[in-house]
Amino acid sequence: STDLTIDTNLLKTDSSNNRVGINQVSPDAPFQVSELGFGYGTGSRTGSGLSAVTVNLYQRTKFKAAKLLVSVENTTDSVFETAEMVVTHTGTTTSGTNIVTGDVYLSVYGVVTSSATQQGAYQTGVTGAGDSQYIQLVVTPTVANKDVTVRVSWQALTI
């Protein structure tokens with residue numbers, strides 16, 4: 001119920017933010033070892049059309065480059081897809097205090113699906129303003145009128 005610190009920064013639990021740090025006195029991710037953060041996010045959509053599923057990843061001012069493992073499940077048809085990708089950003093602001101999507105770069109280099117049709121199109125996004133901005137993964141279903149669940153695991157390097 002309270003923070004725990006062992007040997008100054010060897011092991012730190014941040015109970016108010018639900019974070020654990022090893023060799024990190026103030027963890028910026030759910031789990032952080034020195035300058036490498038690990039996290040997880042999920043999102044889903046139901047209904048018609050091709051509306052996107054957006055998952056917040058990490059705070060823009062804390063992490064620069066990340067590797068993502070993404071699971072997209074079309075729960076309507078029991079179709080499963082896994083994709084691996086990397087994302088980075090310029091770390092600058094280009095529109096007042098807001099970073100724009102064009103300053104975030106994504107490369108998808110592996111997709112495996114249990115169907116002949118890829119289930120998601122992958123893009124990046126940004127939410128928030130100033131130092132409270134989060135890098136996002138935006139997954140747009142490629143098959144209309146299906147229920148979709150997206151799960152994202154990430155590991156990122158600090159700035």
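Residues TYR40, TYR122, ordered by accessible area of protein heavy atoms at a 1.4 angstrom probe radius and largest first, appear as TYR40, TYR122. Of the peptides 17-23, 137-143, the order by per-residue mean of other Cβ atoms within 10 Å, starting with the highest, comes out as 137-143, 17-23.
Taking a probe of 1.4 angstrom, what is the accessible area of LEU10 in Å², to the nearest 10? Roughly 80 Å² of LEU10 is accessible to a 1.4 Å probe. The percentage of C-alpha pairs in the chain whose separation is greater than 26 Å is 35%. Evaluated over the Cα positions of region 100-151, the convex hull gives a direction-averaged projected area, one quarter of its surface, of 4.9 nm².
Taking 19 Å as the straight-line reach from the Cα of LYS146, the aspartates and glutamates in range (excluding those fewer than 8 positions away in the same chain) are GLU73, ASP77, GLU81.
The values are calculated or read from the model by the stated rules, or taken from the named source; none is laboratory data. Model, not experiment: these values are computed from the prediction. Every residue, glycine as well, gets a Cβ built from its backbone with ideal geometry; the counts of neighbours run over all protein chains shown. The protein model used for the area step is the full one, side chains on, heavy atoms only, and it has no ligands, DNA or RNA in it. Shrake-Rupley method; radii C 1.70, N 1.55, O 1.52, S 1.80 Å.
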